[in-house]
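These notes are about the structure you will find just below.
Bear in mind these aren't lab numbers, they're just calculated from the coordinates by the rules spelled out. Since we're looking at a predicted model, the values are computed, not measured. Cβ placement follows ideal geometry from the backbone for every residue including glycine, while neighbour counts extend to all protein chains displayed.
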Ligand SMILES: [Zn+2]
């Protein structure tokens, strides 16, 4: 059996986003959907993904494990947002009217707006204020289903300020959203370097190459180096100087390419083995062919972790990262040739490009919709682009971006009936649960406590972890589970708890010292049984859900009928075995109560009577559940043996209850 500490079940679809073969990163049209699937995790990693039936047969959940009911929602890998300008001060909402009045991006920048206005606002922040902003934005991203994010510097543009930004990102590394920092000192030329001589742009490139890059790489402050290669930013030759220096330092490379004009940045990125080329509005057919050729010759095997010694030497094939948010916001009518890229087998990723000037959007779901409506991607292509291909663009495809055994347990349960809704709906979509490395980090659209302790959520956690009131509400509802079997197990668990209580009251009193040696093991055993019976509250519901699932299997052909019959018998057998276990533990609790009665503190006598009666009720209820499922379980021998044991236990529990009543009456 596979051990699990977390199971996500009850989903309409598990969208794995797994590649069809380990070496194939194309075929994004296939998002790898498992209808009604289950994901199981242990120690932060995915240990099982498959059908509910296969999960029941091969996965066992730890007694302290968590079972999450996706309630007919959709489970996806956490989004991987591969292009953001997350750390910045100030918004640029005042530019909206200027833009609407017809001013271009370049005109706004020339008038003192644009990137340099954000540079001023960012430099004005204290390091701790910047860190707070970063953390708040990461919270918002997490609540919107993003679990891995790339974040670029580039609004400092001076030695000191660029370092302050990267240090703020480094301090936020403990946030549940995994941060991959990128040094974008070459975003535009720093404001102090727009004159001549020591204040020239050449001097700025020298600052980046000779001072900033060695310090950033030496202190491990960024995994990647990015350059904005475009009109008003950096030339191809300046970029080559900067990027080659970054490569020599072992940093991964990515570039802003062909956004406002075609510069040849993509060819440079290919030559340098970049992880990604981003934007690509003005990519030409030759560039598409060159990217495709790089993927054919290098594939993913060329990869090495950015920041590692090998990364400097390895040549990656660049992922095409397109940014529909920026196209939308800039009302750009020239689109990146996304269909041509996909047709040529180039992996396409989508990202928010979150920044205050051209894409003030930090959630991925609106980007999915824009990718479809503006760039002509299918919803499944957009989903793969936002997960697996985002991970590929960041060189973390071996850990995140898909739901596959061995990968990090980064999962999002979406409260939508089908995956298409993620691209189809305009506006907020509720993220029911966000899981990072196997831990719940947000639920019902809200970040969980900073302590990272797994919250117990009504309707999503294990039944046994609900509040009493919530459990009773669920029990009272017309949902098939929890039912009488779960209620019986809970009664048994309460009986065990009362036996423990009575034992503790006696053990804590010196007057009954003579009874202590006998009561110590009674208390210990009751504690164990309490835990097992509490676990059975959920196991019983799960068993019945299995029966319901088997009954829903198709029954058109003879083959289907036979498969359904076998599945039904196996589910009923399990649905009989679980309450049989409840019955067995309940009679054991009843026995403990009976052995405690003669030696227990008599002031707790009524508690012991309640324990005995609850144990008897638990046994009786469990027995009724065993017998109702025995008929279809397909084994007369199993049924006969179970009936025989139940009869004996029922007599014994009645005797125990009578004896305890007699003792304390
Ligand atoms: Zn950008």
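Computed values, structure above
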read-out	value
By average C-beta atoms within 10 angstrom, highest first, the peptides 601-610, 558-567	601-610, 558-567
Antiparallel DSSP beta bridges within the chain, as percent of all bridges there, nearest 5	45
Cut-off 17 Å (backbone N to label point 7 Å along Cα→Cβ of residue 211), residues of the range 161-194	161-167, 184-194
Length added when fully stretched, residue 64-residue 200, from 0.36 nm per residue minus Cα-Cα	42.6 nm
Folded to 0 to 90 degrees: helix 605-630 orientation relative to the chain principal axis, Cα	80
Helix-only CD estimate at 222 nm, as mean residue ellipticity for the chain, using -39500 (n - 2.57) per DSSP H run (n ≥ 4)	-15000 deg cm²/dmol
Relative contact order, percent, the range 481-664 [alpha-carbon distance under 8 Å, six or more residues apart]	32
DSSP-defined beta bridges in the range 83-398 - what % are antiparallel, rounded to 5	5
Protection-proxy order for peptides 348-355, 362-369, each taking the mean of Cβ atoms within 10 Å per residue, highest first	348-355, 362-369
Contact order normalised by residue count of the chain, Cα under 8 Å, 6+ apart, percent	13
Neighbour-count order for 141, 377, 1, 613, fewest beta carbons within 10 angstrom listed first	1, 613, 377, 141
Relative exposure of 431, 225, judged by other C-beta atoms within 10 Å (fewest first)	431, 225
Protection proxy ranking of 84-93, 117-126 - average other beta-carbon atoms within 10 Å, highest first	84-93, 117-126
Nitroxide proxy distance, nm - points 7 Å out along Cα→Cβ at residue 103 and residue 339	3.6
In degrees, nearest ten, helix 159-171 long axis to first principal axis of the chain (Cα)	10
Gyration tensor (alpha-carbon) shape descriptor, the range 83-398, a/c threshold 1.5	rounded
0 to 90° range, to nearest 10: angle between helix 285-298 axis and the chain longest Cα axis	50
Mean Cα-pair separation over length for the range 83-398, i.e. relative contact order, pairs under 8 Å, 6 or more apart, %	15
Ranked 481, 51, criterion: other C-beta atoms within 10 Å, fewest first	51, 481
